[in-house]
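Everything below concerns the one structure shown next.
The values are calculated or read from the model by the stated rules, or taken from the named source; none is laboratory data. Bear in mind the structure is a predicted one, so any value in this text is a computation, not a measurement. Heads up, the Cβs are rebuilt from the backbone with ideal geometry, glycines too, and the neighbour counts pull from every protein chain shown. Quick note on the areas: whole protein, heavy atoms, side chains included, nothing else; ligands and nucleic acids left out. Shrake-Rupley method; radii C 1.70, N 1.55, O 1.52, S 1.80 Å.
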Amino acid sequence: MAVSAAFKTDLLGAIPSLRAFAVSLAQNADKADDLVQETLVKAWDKHESFQPGTNLKAWLFTILRNEFYSQMRKRGREVQDSEGLMTARLAVHPSQHGQLDLKDFRAALEQLPEDQREAIILIGASGFSYEEAAEICDCAVGTIKSRVSRARARLQDILQISGEADFGPDAISSQVMGSSAA
């Protein structure tokens, strides 16, 4: 059976989201790219099993997640980067405060347990509903909600966020922006 043009277009459109999810799982850009490639090959090969009218993105994320865990089982253990050497090679030295904040956030995200990190990425970054994330992770909706809640609380602790004032420009930047607007 030939692959439909809509399937091809939707498959290509999902690549950025798949890559972001793969990076969050693999913690390595090269491994993430391999995961995405393997996911696309499997999806292409099994396109007949996809039910048109259902959520293609969720189907692809499930394939990617299953492939990741299959690879993890084959390896037998995860590569530890406790000193951050691999992460440092992947990081770009920031030139703006926003990049520093993002670096801090990524470091905090890596400190979360894998199930919480996965849940918050699916809900917060990938835009899945709790129901879709629960289906992808093969667990109950309440479990996903609990994981996201615990992940948010842990991120607040790690990043030392106590309220809304901790977001956005600092006091000096606010003064500069406020005086230039007048």
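Just list whichever of 8/31; 42/74; 42/103; 57/103; 8/145 have alpha carbons separated by over 29 Å in the model shown.
Distance filter (> 29 Å) returns 42/103; 8/145.
At 1.4 Å probe size, what's the solvent-accessible area of residue 120? Round to the nearest 10 Å².
20 Å²
With a 1.4 Å probe and all protein chains in place, put 114, 131, 67 in order of accessible area, largest first.
So the residues, ranked largest to smallest area, are 131, 114, 67.
Just the accessible area for residue 54, please: 1.4 Å probe, Å², rounded to the nearest 10?
80 Å²
Between residue 44 and residue 131, what FRET efficiency follows from the Cβ-Cβ distance if R0 is 41 Å, with the result rounded to 0.05?
0.95
Excluding ligands, DNA and RNA, what is the solvent-accessible area per residue of the stretch 1-52 at a probe of 1.4 Å, expressed in Å²?
58 Å²
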